[in-house]
Amino acid sequence: MDTVKYHIHHIVPRYVCKKLGIDPDFPGNTVKILLEQHAKIHWGYFTGNLEPLLEVCSPSQEMLDMIELGNVLDASAANMISEAFNYDVGGENNPNYKDGTYVGRLNDPELYKEIDKQRHIETWPEKRIPGTPRMRFYYYKALGDRENAEIEFNNWKAKAPMKSNNRQALWESDTFEDWWGRVGKELNFRNRLTTHNKTV
């Protein structure tokens with residue numbers, strides 16, 4: 001029983017033929033090769049080395065000119081054809097590479113964590129202050145900034161519909177002191193604070 005694995009290789013890759021609007025199976029564009037050779041040829045396309053291809057066939061110069069050297073799709077193809085040869089498809093070699101954030105991700109998860117952490121630090125100042133008065137109130141309250149929290153509470157109260165009797169919603173009778181004194185997600189905070197007790 002023959003255990004040798006043969007592949008059909010398209011000298012001008014299928015993705016190029018698709019772009020050019022030509023049939024990838026045009027005469028002379030396919031060659032039967034070993035799996036390992038197939039992986040090496042695609043890796044050669046990616047790295048700009050046509051020697052692995054020229055070892056198995058002699059395509060015309062016109063066909064060679066149609067090959068897109070350096071295309072990351074060939075790095076991916078080499079990896080898919082045979083993981084046994086461990087071709088590196090990390091970083092810029094990765095078909096999903098866009099802006100450098102994936103550099104080394106496949107090879108070094110710790111490096112990816114560091115890059116992600118750095119990106120978070122760089123973008124955090126832009127996202128730090130929430131967009132709605134309610135969220136800004138909570139933000140300043142967490143910081144202990146009473147003055148800004150009160151400003152945002154008043155903005156929140158001016159815009160809130162106050163139609164709900166839900167204990168977590170803002171009521172018309174609520175004051176800044178009520179919400180400033182609320183602990184965590186406490187529901188019965190109005191019962192223990194003086195502003196509401198006065199009306200009882």
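Please treat every number below as a calculation from the coordinates, not as lab data. From a predicted model like this one, the values you see are computed outputs, not experimental measurements. Counting neighbours? That spans all protein chains shown, and the Cβs are built from the backbone with ideal geometry, glycine included.
Assorted remarks:
- FRET efficiency for the Leu64 to Ile8 pair, using the beta carbon distance and R₀ = 22 Å, is estimated at 0.70.
- Oblate is the label for segment 133-197. Its Cα gyration tensor axes, ordered a ≥ b ≥ c, give a/c of at least 1.5 and b/c at or above a/b.
- Average projected area [Cα convex hull, segment 1-83], square nanometres: 5.6
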